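Worksheet: the structure to be examined is printed underneath.
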Amino acid sequence: MTDFLQTPLQFLKGVGPRKAADLKRAGLHTVEDLFYRLPFRYEDRSRMQPIASLRPGTKAAVLGEIKSARLSITRRRGFKIFNAVVSDASGAIRCTWMNQAFLADILQPHLQVVIFGDVKLDSTGLHFLNPEYELVTEDLTGVHTGRIVPFYEKTGTVTPNMQRKLVRSALDRLPAAIPDILPPALRARLELVPRRQAIEVSHFPPNEASIEALNAFRTPAQRRLIFEEFFLFQIGYAWRRHAAGTELKPLVPVVDDRIRAAAATILPFKLTPGQRQAIREIVEDMQRPQPMHRLLQGDVGAGKTIVALLAALVAMENGLQVAFMAPTEILAAQHYATIVRLLAASRFRVDLLTGSTPGLQKHTVTAHIERGTSHLIVGTHALVQEGVRFHSLGLVIIDEQHRFGVVQRAALRAKGLRPDVLLMTATPIPRTLALTDYSELDISKITDMPPGRRPVRTLVKPESRRDEVYQLVRDQLDAGRQAYVIYPLVEESEKIDLKSATEMADHLQQEVFPAYRVALLHGRMKTDAKERIMHAFATGQIHILVSTTVVEVGVDVPNASVMIVEHAERFGLSQLHQLRGRVGRGPWESVCVLLYQAPWTDDARERLKALAETTDGFAIAERDLELRGPGDFFGTRQSGLPKLRSGDLVRDRGIMEEAHREARRVVVEHGLTPELRHFVDERWQQQFGLIEVG
Ligand code: ADP
Ligand code: MG
């Protein structure tokens, strides 16, 4: 028996080459695709109202007989109007269709019909205007009316009505018994609706189904299909993770009292509860025989560095080397300085290796790395270059991991003997996206902040208050502080009304702040030019840094206490939050001014308001995801967002959570069934549109 579900759609009745092509373009190739593309909403057309009870301004369904029908052509503009009068036991009503002359052949007198649509009242009286209709044969439950009706996204020339008819006719041909890829034990435990039934009633629900639950996609049938999709997505990652876990580390670190004491001596402050929890999770992982793959999330300033350093200490005390990779030379140098200071009294050697490390020094450092006499190496991607060979790399720490390509990560990992990997990010990722983009990772979060940090005061101001804002900046500069001015783009575009950052930098220097030094930083500058300017800003030689969003990543200039974001209405929430994190790093009260250009959209207003109200990066990320949707959340970054047919990452986040948990559980407890194994090996990547790297 060939699987009917895999039948290409062009073999269905009524699907010609043109429609098939349209369907394909919308990602619908097979009958299965058609079934798993859920309606985007449902409408209750099941309750027939007596015609006498109809009220204008409502949507209603009636069942009656066509009493009369007439096609007329208006003299003015030649409109074709088709009128039919439908009556039931309670009364009669006129139905009017504009420019659908063909209806005269379909809706003929004496036929029984269901009418659904808008009830209107005008000078011609009460009537239905352009309603949906369906002829009633023996059975009252039709396809388009007389029931709860599914609505589909229009795809090319395939109208929602056509798709509805297509789904119905495919369902009529669907065998009673169809294969189910979900393992029976899982189905039983989660009490999942059988697959055949789930498909049927997700498209054509019984009339007693709750229309609210349907439109929230929370009926058991819909949940089952969404869960199935998410589970199949997660099982691929769970399986990979499981398979990778069978490669054991050559040396498993242990933690004893001596190491605990050593850690205590390097600590310059008391850890926050969040930091303590994170380090506990990390160290527990490190003591397992399988390599760690953990993501440490924590807002800017949450104190991730010290947590990473404690993990590094555990590795080094166990005779392992640690690579600490940062995305820029500035950050690497910052980390190096911090770490050297904290480890000054220890016996461990710390080295810095970046692209600009002079040749001779580079030679010395790489020799130490190779001999194992360098214990902790801080660096940029120079760490993954050919010439660098580690003696006993046991832990890889990657800061601001989203700035690194997957390839670089993999390259560094390949240098160690299956090292533990700790990724760090200050971009709070909503849980549901973490579960998709980083599904194979375990996640630790630091949700609190070191004590004494004053939240950044956030002001939302229109362009017209610019002078006032400059005064605020001047006050800060006069007090010895520094300022950021952030622009969304670097050059003026003809189409978009953007003040160019270049012009602005000149203007600020010449006219507004002549007594202070202004410099410009943007993404198209050469790396060394960028770093020179950053360095000058960090050391206080530049007072105002006009910049595009390149300052987003981890730059730490505590003396900068004020930031103006120009055209704040054009930035996403998470990005604004990230930018704001550049100030508020010193003991001073800091201010972030979000300047917007009127008129702003409701969306922009929502975003800026949300940002002014909260400083919790995780809450902001969740809100951002809701406002922008998963596709835009990551912007242009290449991401592992899966192609989905049934589920929605935002709407169905709870189901993704469950699928993630269950997939890991199935892999651990039962392994994969042959069907699942086949799916993971042969179809997984293609179905979810994932590109394999490395
Ligand atoms: P991020 O998570 O953004 O990388 P850092 O690790 O750079 O944050 O920490 C930000 C600042 O807070 C640093 O100056 C660090 O020394 C300080 N810090 C971190 N943890 C604590 C703590 N528990 N108590 C006091 N200060 C801390
Ligand atoms: Mg950091």
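Find the residue count for segment 28-73, including only residues that are surrounded by 16 or more Cβ atoms within 10 Å (Cβ to Cβ), of a type in the set (A, V, I, L, M, F, W, C) and outside any strand (DSSP E or B).
7
Restricting to segment 439-479, count the residues that are closer than 30 Å to residue 276 by Cβ, assigned to a loop (DSSP other than H, G, I, E, B) and more than 16 Å from ligand 1 (Cβ to nearest atom).
3
Quick check on my filter: what residues within segment 438-469 are touching a Lys or Arg at 6+ places or on another chain (Cβ under 9 Å) and of a type in the set (Val, Ile, Thr)?
443, 446, 456, 458, 460, 469
From 368, 363, grab the single residue that is farther than 30 Å from residue 580 by Cα, assigned by TED's automatic domain parsing to the domain that holds residue 424 and touching a strand residue (DSSP E or B) at 6+ places or on another chain (Cβ under 7 Å).
Just one listed residue meets the conditions, 368.
Given the options 649, 644, 625, name the one that is closer than 23 Å to residue 302 by Cβ and at pLDDT 80 or above.
The conditions single out 625.
Residues 278, 332, 312, 308: which one is within 35 Å of the chain's Cα centre (by Cα), within 10 Å of ligand 1 (Cβ to nearest atom) and either touching a residue at least 60 places away in the same chain (Cβ under 8 Å) or within 18 Å of residue 423 (Cβ to Cβ) (or both)?
After applying the criteria, what remains is 308.
Only residues that are at pLDDT below 85, within 21 Å of residue 624 (Cα to Cα) and of a type outside the set (Gly, Ala, Ser): list them for segment 425-467, please.
Scanning segment 425-467 gives 427, 428, 429, 430, 431, 432, 433, 435, 436, 437, 438, 455.
Taking interchain pairs and intrachain pairs at least six residues apart, which have beta carbon atoms under 9 angstrom, with the first residue in segment 670-689 and on the phi < 0 side of the Ramachandran plot and at pLDDT 90 or above and the second surrounded by fewer than 13 Cβ atoms within 10 Å (Cβ to Cβ) and not in a helix (DSSP H, G or I)?
Here the result reads 675/179; 677/671, each pair linking segment 670-689 to a residue that is surrounded by fewer than 13 Cβ atoms within 10 Å (Cβ to Cβ) and not in a helix (DSSP H, G or I).
Just to be sure, is residue 81 surrounded by fewer than 16 Cβ atoms within 10 Å (Cβ to Cβ), part of a strand (DSSP E or B) and among the aliphatic types (A, V, I, L, M)?
Yes.
With the checklist (1) in a loop (DSSP other than H, G, I, E, B); (2) modelled with pLDDT under 90; (3) over 27 Å from residue 213 (Cα atoms) in hand, flag the one item residue 108 doesn't pass.
Of the numbered conditions (1) in a loop (DSSP other than H, G, I, E, B); (2) modelled with pLDDT under 90; (3) over 27 Å from residue 213 (Cα atoms), the odd one out for residue 108 is (2).
State all residues of segment 241-264 that are assigned to a helix (DSSP H, G or I) and either small (Gly, Ala, Ser) or within 16 Å of ligand 1 (Cβ to nearest atom) (or both); if no residue qualifies, say none.
243, 244, 261, 262, 263, 264
Name the residue that is surrounded by the most Cβ atoms within 10 Å (Cβ to Cβ), counting only residues in segment 169-225 that are of a type in the set (Gly, Ala, Ser) and in a helix (DSSP H, G or I).
Ranking the candidates gives 202 first.
Can we say residue 25 is among the basic types (Lys, Arg) and either more than 49 Å from the chain's Cα centre (by Cα) or crowded, with 17+ Cβ neighbours inside 10 Å (or both)?
Considered against the rule, which asks whether it is among the basic types (Lys, Arg) and either more than 49 Å from the chain's Cα centre (by Cα) or crowded, with 17+ Cβ neighbours inside 10 Å (or both), residue 25 comes out as no.
Looking only at segment 152-167, decide whether some residue is buried (at least 16 other Cβ atoms within 10 Å of the Cβ), in a strand (DSSP E or B) and out of contact with any Lys or Arg (no Cβ under 8 Å at 6 or more places or on another chain).
Checked against the condition, which is being buried (at least 16 other Cβ atoms within 10 Å of the Cβ), in a strand (DSSP E or B) and out of contact with any Lys or Arg (no Cβ under 8 Å at 6 or more places or on another chain), segment 152-167 yields no hits at all.
What is the one condition in (1) over 20 Å from residue 398 (Cβ atoms); (2) in the same structural domain as residue 419 (by TED's automatic domain parsing); (3) over 27 Å from the mean Cα position of the chain (by Cα) that residue 252 does not satisfy?
With (1) over 20 Å from residue 398 (Cβ atoms); (2) in the same structural domain as residue 419 (by TED's automatic domain parsing); (3) over 27 Å from the mean Cα position of the chain (by Cα) applied to residue 252, the lone miss is (2).
For segment 371-402, which residues satisfy the criterion of being under 24 Å from residue 290 (Cβ atoms), among the hydrophobic types (A, V, I, L, M, F, W, C) and assigned to a helix (DSSP H, G or I)?
Hits for segment 371-402 are 383, 384.
Tell me, yes or no, whether segment 311-319 has at least one residue that is at pLDDT 95 or above, part of a loop (DSSP other than H, G, I, E, B) and out of contact with any Pro (no Cβ under 7 Å at 6 or more places or on another chain).
For segment 311-319, residues at pLDDT 95 or above, part of a loop (DSSP other than H, G, I, E, B) and out of contact with any Pro (no Cβ under 7 Å at 6 or more places or on another chain): present.
Under 6 Å between Cβ atoms, which residue pairs at least 6 apart in sequence (or on different chains) link something in segment 282-298 that is closer than 25 Å to residue 617 by Cβ and assigned by TED's automatic domain parsing to the domain that holds residue 423 with a partner that is among the basic types (Lys, Arg) and not in a strand (DSSP E or B)?
From residues that are closer than 25 Å to residue 617 by Cβ and assigned by TED's automatic domain parsing to the domain that holds residue 423, the pairs are 296/304; 298/304.
When only residues in segment 363-400 that are surrounded by fewer than 20 Cβ atoms within 10 Å (Cβ to Cβ) and among the charged types (D, E, K, R) count, which is nearest to the chain's Cα centre (by Cα)?
Among them, the one singled out is 386.
Could you list all residues from segment 404-424 that are within 16 Å of ligand 1 (Cβ to nearest atom) and either part of a helix (DSSP H, G or I) or at pLDDT below 75 (or both)?
The one that is within 16 Å of ligand 1 (Cβ to nearest atom) and either part of a helix (DSSP H, G or I) or at pLDDT below 75 (or both): 404.
The rows are residues; the columns are (1) touching a helix residue (DSSP H, G or I) at 6+ places or on another chain (Cβ under 8 Å); (2) in a helix (DSSP H, G or I); (3) surrounded by fewer than 19 Cβ atoms within 10 Å (Cβ to Cβ); (4) modelled with pLDDT of 85 or more.
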residue	(1), (2), (3), (4)
530	yes, yes, no, no
535	yes, yes, yes, yes
542	yes, no, no, yes
558	no, no, yes, yes
561	yes, no, no, yes
588	no, no, yes, yes
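Given the criterion within 21 Å of residue 448 (Cα to Cα) and free of Cβ contacts under 8 Å to residues at least 60 places away in the same chain, identify the matching residue among 605, 623.
Of the residues listed, the single one that is within 21 Å of residue 448 (Cα to Cα) and free of Cβ contacts under 8 Å to residues at least 60 places away in the same chain is 623.
Given the criteria within 15 Å of ligand 1 (Cβ to nearest atom) and without any contact (Cβ under 8 Å) to a residue 60 or more places away in the chain, does residue 340 qualify?
Judged against the criteria, residue 340 is a match.
The values are calculated or read from the model by the stated rules, or taken from the named source; none is laboratory data. Computed from a predicted model, the values in this text were never measured in an experiment. Note that each Cβ is placed from the backbone with ideal geometry, even for glycine, and that neighbours are counted across all protein chains shown.
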